[in-house]
1. Is there any pair with a first residue in segment 380-403 that is over 20 Å from Thr356 (Cα atoms) and a second that is in a helix (DSSP H, G or I) and not aliphatic (A, V, I, L, M) whose Cβ atoms are under 7 Å apart and which are 6 or more apart or on different chains, and what are they?
2. Taking the stated definitions as given, is Glu238 in a helix (DSSP H, G or I), farther than 30 Å from Val33 by Cα and modelled with pLDDT under 75?
3. Check Arg52 against each of (1) of a type outside the set (Asp, Glu); (2) open to solvent by 70 Å² or more (accessible area, probe 1.4 Å); (3) modelled with pLDDT of 85 or more and name the one condition it does not meet.
4. State all residues of segment 92-109 that are over 20 Å from Gly21 (Cβ atoms), assigned to a helix (DSSP H, G or I) and open to solvent by 40 Å² or more (accessible area, probe 1.4 Å); if no residue qualifies, say none.
5. Tell me which residues, restricted to segment 49-71, are closer than 26 Å to Ala31 by Cα and either in contact with a Lys or Arg (Cβ under 7 Å, 6 or more places away or on another chain) or free of Cβ contacts under 8 Å to residues at least 12 places away in the same chain (or both).
6. Residue check, Leu64 against (1) out of contact with any Ser or Thr (no Cβ under 6 Å at 6 or more places or on another chain); (2) in a helix (DSSP H, G or I); (3) open to solvent by 20 Å² or more (accessible area, probe 1.4 Å), all met but one. Which one?
Amino acid sequence: MLTLVLLKLLSDLGLYYAFGGFFAVLAGAEAPVLLWAWGVQSLTGLLTWLLRDRGRLRFLPLALLAVGWLLPGGGVAAWVAMAPPAAYVVWLTAGQRYLPEWGRQVDIFSVFWKVFLIFCLFMLVMGCGEILSAISIPAGLTSLACCVLLNRALRHDLSVCCQPRYQAMNLMMAAGMGLAALALSSKAFLQSCGAVLWWIYETVFWPILMAVGQLLVGAIYVVMWLFSWIGLTVTGEEQEARNLVLGDTDELLEGLEAAENNSELFSRVCIALALILAAVLLVLVFRWLSRSSRRTEEQPDARTVRSSVRSEGVRPLSPFGRSPVWRVRLHYQTFLKLCRDRGLELEQSDTSQDVTAKSVHRFDPAAVRELRQLYIAARYNDQATGEDAARAKELCQALKRGDH
């Protein structure tokens with residue numbers, strides 16, 4: 001459960017920093033400071049969850065939220081940007097709204113990636129690519145990746161996703177994404193990447209472009225010679241007419257400068273309304289992130305669950321050779337091919353639970369369920385014996401013959 005809560009906090013707060021951090025950096029904040037504050041706030045929320053059964057003691061770690069405002073390099077813009085996510089962590093702690101739901105997380109992911117993509121494209125058109133690369137892209141991509149890991153974990157039973165190996169893998173991936181986000185927010189790292197790309201461009205692509213350019217210039221000279229030979233050259237009078245089309249742009253520029261006379265009172269009213277609207281939107285967004293899914297409450301059996309695995313008489317996966325684990329998974333792949341050959345429509349996103357539900361009407365239900373249990377043990381625990389592999393082969397052969 002620890003990794004689930006951490007991924008939930010990283011995903012929700014990263015969603016905020018992908019957008020709110022952009023405007024904070026635009027106002028003068030330092031992107032690394034915001035990213036460090038994001039990590040501190042996420043860890044603070046995790047500590048409050050660890051103390052969830054200690055009554056009011058769970059509020060004690062909230063004092064660590066002040067670390068964000070003490071980070072070197074912060075400023076007014078950064079301090080203001082840190083306040084909403086800190087309030088969100090306090091709200092989660094007060095209501096103990098830590099545990100995520102699969103249906104809710106799917107909704108968040110499906111909305112977030114679309115809005116984030118549109119936002120990035122629009123800001124790139126507006127010429128804000130440097131700010132996007134400093135805060136929005138690192139925070140947004142990390143948040144999306146955490147959301148994907150969280151959705152993947154929630155599709156398992158708790159006995160599967162709470163295994164030490166599974167949690168360690170998720171923690172390592174979350175840590176790697178956090179380090180990548182910090183690296184992308186560093187100007188030195190981006191300058192180093194730019195220098196490497198520029199060297200590759202000058203060494204590899206520039207000579208090719210020069211050669212292509214020379215060929216194009218030669219082709220243009222040949223075309224011009226052909227035009228002059230057949231009498232299609234441009235006369236002096238036609239050239240003067242083309243120059244007159246350009247005209248004098250001084251009057252146009254003066255008109256544009258004169259049009260920049262805005263009312264000071266109107267601008268202040270607009271700023272006040274924008275701040276009120278931003279505050280309301282932040283409250284609504286954070287409430288939406290932590291809200292329970294009605295679909296999950298009304299249909300408790302609607303989400304896909306991968307059952308826990310057996311632990312008796314197993315041995316770990318051998319990294320070399322055709323291990324029992326590899327053979328069990330191969331036999332299950334053979335069963336999937338058999339299902340398709342028999343006319344079953346299997347989707348790419350189907351889990352073993354979905355495959356079982358679709359195939360029990362066409363094959364022996366007991367054999368299908370036993371083969372699934374062997375596959376789950378091999379796939380999610382990396383555990384199987386030689387007897388398990390032989391049994392999986394027998395089950396596949398029996399299913400292929402149609403024995404009941």
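The values are calculated or read from the model by the stated rules, or taken from the named source; none is laboratory data. Since the model is a prediction, treat every value here as computed from it, not as a measurement. Cβ placement follows ideal geometry from the backbone for every residue including glycine, while neighbour counts extend to all protein chains displayed. We work out accessible area using only protein heavy atoms, side chains counted, and drop any ligands, DNA or RNA first. Shrake-Rupley method; radii C 1.70, N 1.55, O 1.52, S 1.80 Å.
1. Partner pairs satisfying both residue conditions: Ala384/Pro324; Thr385/Pro324; Gly386/Pro324.
2. Working: in a helix (DSSP H, G or I): yes; farther than 30 Å from Val33 by Cα: yes; modelled with pLDDT under 75: yes.
Yes; evaluated as a whole, the condition is true for this residue.
3. So Arg52 meets the others, but not (3).
4. Hits for segment 92-109 are Ala94, Trp102, Val106, Asp107.
5. First, the residues of segment 49-71 that are closer than 26 Å to Ala31 by Cα: 61-71.
Passing the criteria: Ala63, Ala66, Leu70.
6. Every condition holds for Leu64 apart from (1).
Listed here are the residues, each with its yes/no results for (1) modelled with pLDDT of 80 or more; (2) open to solvent by 70 Å² or more (accessible area, probe 1.4 Å).
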| site | (1), (2) |
| --- | --- |
| Asn170 | no, no |
| Ser186 | no, no |
| Phe189 | no, yes |
| Val196 | yes, yes |
| Ala211 | yes, no |
| Val223 | no, no |
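Matching residues to (1) open to solvent by 60 Å² or more (accessible area, probe 1.4 Å); (2) assigned to a strand (DSSP E or B); (3) more than 22 Å from Arg327 (Cβ to Cβ); (4) modelled with pLDDT of 85 or more:
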| residue | (1), (2), (3), (4) |
| --- | --- |
| Leu346 | no, no, no, no |
| Thr356 | no, no, no, yes |
| Ala366 | yes, no, no, yes |
| Glu370 | yes, no, no, yes |
| Tyr380 | no, no, no, no |
